[in-house]
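Colleague: Next up is a structure, given as structure tokens.
What follows is calculated from the coordinates using simple rules that are stated; it is not laboratory data. Remember, it's a predicted structure, so these values are computed and weren't measured experimentally. Glycine gets a Cβ as well: all are built from the backbone with ideal geometry, and neighbour counts include every protein chain shown.
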Amino acid sequence: MTDCGGGIYCIDAHYEGDGVDSVCLLLSQGRAALIETANNASLGYTLAAMESLGVGRGDVDFVCVTHVHLDHAGGAGSYMREFPNARLVLHPRGARHMADPSKLMESVRSVYGGAETERLYGELVPVPRERMLTPADGERLSFGGMTLFCLNAPGHAEHQMIFFEEGARALFAGDAFGISYPWMKDRGGRRWAFPSTSPVQFAPEAMASTIDRILSLQPARVFLTHFGEIGEIEGNAALLKEGIKKYVDIAIAAGGDEGKIRVGLSRLYEEMASERGTALPAGTPEASAPLDVALNAQGLAFWYKTAHARDEG
């Protein structure tokens, strides 16, 4: 666990290694909120962090998930069983999947395969609808002395919602502000990010608009689920918007072929790292996060096919 100051704590979920997936704990005046739940296996790390801070299970008012991809919401049902006073906060479009995760699991198995899905996520626990809150865009939720401003953030997923803690001006971005692992530092030690286009709802224009919306909030701090706090907010926003355009160009040049897109993305990540003097673990961008290139390629291939079908129609 990292104490980020201002009552914000970043907990490593140890999902597929260290520094890949995080859960944020917000603590104010004896009340708490959690943002993201990673997978079921992360719960033990979160409970240990809470215990070290003297936070009880009954002190948690909100468990927020930015969207229902299982590296963000896979542990939601298990978490809710532990926190009797908490409400699960999520985008309205995600609620049905948390109430009945069967279709979500089916979709995830189609991406990862059955054995890998079981290894990563185990059995999803349903959450009763009466324990959910589905805020409208722009709604505020308060606990202790903190207030979360809930904002729709499409582009990565239609059902993505980000959370802005207004007192600290801290934004919890899910995947709306890209991915940046701890090793992704330039020569000056500054973190850089790349867009996340995991299947199946990538929308380039919406993703760029969401980045602009984030900037309009003038956040002092941005926390990524993958992974932790990232600085250089305006610079990374520009880099992400440039990355979206390059992703689209790669997908179009590949004619939507997933294998060719994967090759193009690998080259792009290597170029981005080389330009910034970033040392890639084991020499490839896939060594630290083996699913990113594959998942981003799948998402871009799906986007190309659906966009091409619309154009033909």
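Colleague: Where the centroid of each part is defined by its Cα atoms, how far is segment 1-57 from segment 152-171 in Å?
Modeller: Using only Cα atoms, the two centres lie 18 Å from each other.
Colleague: Here's a follow-up. Between Asp3 and Arg267, how high is the FRET efficiency from 1/(1 + (r/R0)^6) when r is the Cβ-Cβ distance and R₀ = 35 Å? Nearest 0.05. Write down the numbers at each step before the final one.
Modeller: Working: r = 38 Å, r/R0 = 1.10.
Efficiency at R0 = 35 Å is approximately 0.35.
Colleague: Mind grabbing the base-10 log of I(q)/I(0) for the chain at q = 0.08, 0.09, 0.10, 0.13 Å⁻¹? Debye formula, identical points on the C-alpha positions, no solvent, two decimal places.
Modeller: With no solvent term, the Cα-only Debye profile gives -0.33, -0.42, -0.52, -0.91.
Colleague: Determine the dipole magnitude for the chain: charges of +1 sit on the beta-carbon of Lys and Arg, -1 on that of Asp and Glu, nothing else is charged, the reference point is the Cα centre, and the result goes in debye to the nearest 20. Present the calculation step by step, with values, prior to reporting the outcome.
Modeller: Details: 28 positive and 40 negative charges, 65 e Å.
Roughly 320 debye for the chain.
Colleague: Please say if segment 157-313 is rounded, prolate or oblate, where rounded means a/c under 1.5 for a ≥ b ≥ c the square roots of the C-alpha gyration tensor eigenvalues, and otherwise the choice is prolate for a/b larger than b/c and oblate otherwise?
Modeller: Oblate, since a/c reaches 1.5 and b/c is not below a/b.
Colleague: Something else about it: In terms of modelled amide H atoms, which long-range or inter-chain residues lie less than 5 Å from the amide H of Met132?
Modeller: Result for Met132 returns Leu88.
Colleague: Pick from Gln160, Gln218, Gln201: which residue has the top mean-square fluctuation in a GNM of the chain where Cα pairs under 10 Å get a spring?
Modeller: Looking only at Gln160, Gln218, Gln201, the biggest GNM fluctuation is shown by Gln218.
Colleague: Next question. Okay, helix-only estimate at 222 nm for the chain: each DSSP H run of n ≥ 4 adds -39500 (n - 2.57), divide by all residues, round to 500 deg cm²/dmol; what do you get? Show your work: numbers first, answer last.
Modeller: Values: 10 runs with 119 residues, N = 313.
Mean residue ellipticity at 222 nm (helix-derived): -12000 deg cm²/dmol.
Colleague: Does segment 1-133 come out rounded, prolate or oblate by the C-alpha gyration tensor, with a ≥ b ≥ c the root eigenvalues, rounded set by a/c under 1.5 and, if not, prolate when a/b is larger than b/c and oblate if not?
Modeller: On the way: a/c = 2.15, a/b = 1.39, b/c = 1.55.
Oblate.
Colleague: If you take the beta carbon distance between Glu51 and Ala115 as r and set R0 to 35 Å, what does 1/(1 + (r/R0)^6) give as a FRET efficiency, to the nearest 0.05?
Modeller: On the way: r = 33 Å, r/R0 = 0.95.
Computed FRET efficiency for Glu51 and Ala115: 0.60.
Colleague: Using 0.36 nm per residue, how much length does the chain from Ile252 to Glu275 gain when fully extended, once their Cα-Cα distance is taken away?
Modeller: On the way: separation 23, 0.36 × 23 = 8.28 nm, distance 2.41 nm.
Length gained between Ile252 and Glu275: 5.9 nm.
Colleague: Quick one: dipole size for segment 64-156, taken about the Cα centre, charges +1 on Lys/Arg Cβ and -1 on Asp/Glu Cβ, in debye to the nearest 20. Present the calculation step by step, with values, prior to reporting the outcome.
Modeller: On the way: 10 positive and 10 negative charges, 41 e Å.
Charge dipole, segment 64-156, about its Cα centre: 200 debye, nearest 20.
Colleague: With +1 on each Lys and Arg Cβ and -1 on each Asp and Glu Cβ, and nothing else charged, work out how big the dipole of segment 166-261 is about its Cα centre, in Debye to the nearest 20. Can you show the working numbers first?
Modeller: Working: 11 positive and 12 negative charges, 59 e Å.
Using only the charged Cβ atoms, the result is roughly 280 debye.
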